[in-house]
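The values are calculated or read from the model by the stated rules, or taken from the named source; none is laboratory data. No experiment lies behind these values; they were computed from the predicted model shown. With ideal geometry, Cβ positions are generated from the backbone for all residues, glycine too; neighbour counts draw on all protein chains shown. Surface areas here come from the heavy atoms of the whole protein model, side chains and all, with no ligands, DNA or RNA. Shrake-Rupley method; radii C 1.70, N 1.55, O 1.52, S 1.80 Å.
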Amino acid sequence: MSAEFGKAYWEERYRGHTALHRSGPNPQLVAEVGDLRPGTALDAGCGEGANAIWLASHGWRVTAVDIASTALRHAREYAETFGDDVVSRIDWAEADLTAWTPAEEHFDLVCAHYVHPAASRQIVFRRLAAAVAPGGTLLIVDHHPSHEPALSHATVPAVHITPAELAAGLDSDRWDIAVAEARTRPATDSDGCEITLHDAVLRARKRP
């Protein structure tokens, strides 16, 4: 993975954001997690908190981790608009996923949306998978190779991955693959134009 996706890149990316940039949860998260029983969740690369906030508002106790302090500040401010119950369910943590190791087999849900570490993505995903408790769920959403090129960072080839490549990193003796597919979804670019995004989605359950 390119070193351009280090802390400086993400701080600069979020520094210019305002409340106007706030968005709702990723639709892949809502589709894949909505029917799960709430428990403990790790949102790796949480950005400005939309997914963590959605999880907390649906009863999950969330550890939300991001490398960018600016993103976490925006996330905390956003969470406050949802009230004390949501705020109390989220623990925000500033950490570089390339160096940070979550507790093994600790979380009922581990999710990562468009995580682009400066170091090996395979190593990061391996740590995230290890953090899923027996019987728990791993959800990875990333940019499919046919991703809309209008998004600047999505033009970097290293951020693209297929569902099969995501699934290949899991031990078939430990995991049941529930979803490994490419999906499209509508979105709006920075100029207000409608575009179609292409996601690679993996949802897997760790066997008890």
Amide H contacts of HIS106 (H built 1.01 Å from N, under 5 Å, at least 5 apart or other chain):
VAL132, ALA133
Estimated 222 nm signal from helices in the chain, with DSSP H stretches of n ≥ 4 weighted -39500 (n - 2.57), rounded to 500:
-7000 deg cm²/dmol
Computed about the Cα centre, the charge dipole of the chain from +1 Lys/Arg and -1 Asp/Glu charges at the Cβ has a magnitude in debye, to the nearest 20, of 340
Name the residues whose placed amide hydrogens come within less than 5 Å of the amide hydrogen of THR63, ignoring near sequence neighbours (fewer than 5 apart) on the same chain.
ALA41, LEU42, ASP43, ASP91
Report, largest value first, the span of the C-alpha coordinates of the chain along each principal axis, in whole Å.
46, 40, 31
Within the accessible area of the chain, what % is carbon and sulfur when the probe is 1.4 Å and the other protein chains stay in place?
50
What are the ³J(HN,Hα) couplings of the range 103-115, residue after residue, when phi is run through the Karplus curve with 6.51, -1.76, 1.60 and θ = phi - 60°? Round to Hz, x for glycine and proline.
4, 6, 6, 10, 10, 6, 9, 10, 10, 9, 10, 6, 7
For the range 1-90, what percent of Cα pairs sit more than 24 Å apart?
20
Along the range 32-45, what does the Karplus equation 6.51 cos²θ - 1.76 cosθ + 1.60 (θ = phi - 60°) give for ³J(HN,Hα), rounded to whole Hz, x for Gly and Pro?
8, 10, x, 9, 7, 6, x, x, 9, 9, 10, 9, 8, x
Solvent-accessible area per residue for the range 1-82 at a 1.4 Å probe radius, Å²?
47
With bins of 5 Å, the percent of all Cα-Cα pairs of the range 37-86 per bin from 0 is 5, 25, 32, 24, 11, 2, 0
